[in-house]
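To start, the structure itself, in structure tokens.
A short reminder: the numbers here are calculations on the coordinates, not readings from a lab. Predicted model only: the values in this text are computed from it and were never measured. Every residue, glycine as well, gets a Cβ built from its backbone with ideal geometry; the counts of neighbours run over all protein chains shown.
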Amino acid sequence: MSLAVNLLEHHVFSRSVVPPFEPDILLTPGYPAFVAIIFALSARSEIAVVIIQVVLRGLTAWLLVRLGWRLFASREVGLAAGWAYAFAAVPYMFVGVLSPETLYTALLMGTLVLFASRPALLNLIVAGFLAGLGVLTRPIGLVAMWGLPLVEMCRSKLTWAVPRVALLFGVAGLVVAPWLVRNQSLFGMPVLTSVSSHNLLNYVAASTLARAEGTSLAAGQEYAIAIYREYVDQHGASLNAAQVAQDQQKVAVAILRTHPLQAITSVVVDSLNTLRPGVSYVALFLWPGSLPNRTASDEDLSPAWGQTANGPLLALTVVLTTFYATLFLLSGIGFVMCLRARNWLAIWVIMPVVLALVVAPGAAGNARFRIPFEPLLFLLAALAATAAARRLRATKARP
């Protein structure tokens, strides 16, 4: 909120609530700018932001229908995925709050639909523009783009694929460039954000240390911070936030290199955090203050963990767990169907995004990080469900 208000009133990107407004790089400016524009047009109405996010949610469902047609040449699959996604519970929680997930999901889906469409020049330019906005909205979007070159090489000769991919990433780079230039001017480094370095040290490296030492995540975080402080004592304190982020990244990478096996284990195991059903988010949305305020760790998986003696919360847990277990099972079947059909376009459009957004958060992952790729899971699940429905109809039609 403070970032959007400061952009609107003081034309500075800062989390400070009173002057002097210190420039900030912890987060990227995409979503705060989005909120600031709506505030400027609506007398700072948060309801207006929610209304726009409801529209974006509907747009995402429509884009999902379009993507189903592009990848599977089936309107049935797209419609089934769109309707199922429209009734998914957890994404609704983020429509009603000031959080970038809804905006980023719409930008990501727009990018994928355009890129999976006929490889026209305009489609690539607009896809690159949306991809750039996505990176400015959620920096993790940069990781999610790694599969797009594979998509292009899958459907085109190398001589055509290289310039098309270069155009896409070039346009995305032009969108992100002003932000990098600003950070170079203010901090002496063209960094995108400092939050990635913070998470790398405090979650990925800390989880690695916890496994190496056989301790809890909280103890691993204390150890990682102690190593970082020792590094600062040896090399001197950083002059600004960008240099702090750079030092955190150096320390985190050194920890991961020291414990490679534990690092790989942490990445694989911690990625499962993203598959949580999201009971806590929905419970806190429906019943504010109903759960204890405590930090999650490997010993305390969720604020809702251990609170299910409460009747409504138990029912919510059962419903959400059943819903998402079914979604994950069907999406897995859909992925196998893509492999058997050798639908490489669908595989390279969907799976790199899913893998990147599952793995990247590490121990910091939770249901919130699943929101952007959840539509793709519904698409794979719809492929499996519609195939099962066709078989059932064919069986009933037999004499």
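Annotations
- Backbone HN-Hα couplings from phi across the range 127-138 [Karplus 6.51/-1.76/1.60, Hz, Gly and Pro as x]: 4, x, 5, 5, 5, x, 4, x, 5, 6, 8, 9
- Ordering of 101-114, 40-53, 70-83, 338-351 by burial proxy (mean other Cβ atoms within 10 Å per residue, highest first): 101-114, 70-83, 338-351, 40-53
- The chain: most fluctuating residue of Tyr223, Tyr31, Tyr281 per GNM, C-alpha cutoff 10 Å: Tyr223
- The range 74-97 and the range 1-62: distance between their alpha carbon centers, rounded to Å: 25
- Less than 5 angstrom separates the built amide H of Glu22 from those of Ser16, all sequence-distant by 5 or more or on a different chain.
- Matching label, mean projected area of the Cα convex hull in nm² computed from the structure shown, candidates (i) 28.4; (ii) 23.5; (iii) 16.8: (ii)
- When the charge dipole of the range 316-399 is built from unit charges on Cβ atoms (+1 for Lys and Arg, -1 for Asp and Glu) and taken about the Cα centre, the candidate among Leu383, Ala397, Val336 whose Cα reaches farthest toward its positive end is Ala397.
- Using 0.36 nm per residue and subtracting the Cα-Cα separation, the extra length available between Ala177 and Leu98 on full extension is 25.9 nm.
- Label-point separation in nm, Lys157 to Ile264, each point 7 Å along Cα→Cβ: 4.0
- Relative contact order for the range 195-258, counting Cα pairs under 8 Å that sit 6 or more residues apart, in percent: 45
- Centroid-to-centroid separation of the range 333-375 and the range 192-250 [C-alpha atoms, Å]: 28
- Tensor-based shape of the range 161-237 (alpha-carbon gyration tensor, a/c under 1.5 rounded, otherwise prolate or oblate): oblate
- Cα gyration tensor, the range 44-108 - rounded (a/c under 1.5), prolate or oblate: prolate
- Angle in degrees between helix 75-86 and the longest Cα principal axis of the chain, rounded to the nearest 10: 40
- Pairs of Cα atoms nearer than 8 Å and 6+ residues apart set the relative contact order; for the chain it is 19 percent.
- Given R0 = 56 Å, the distance between the Cβ atoms of Arg15 and Arg393 translates into a calculated FRET efficiency of 0.50.
- Largest mean-square fluctuation among Pro20, Pro190, Pro260, in a Gaussian network model of the chain whose springs join Cα atoms under 10 Å apart, belongs to Pro20.
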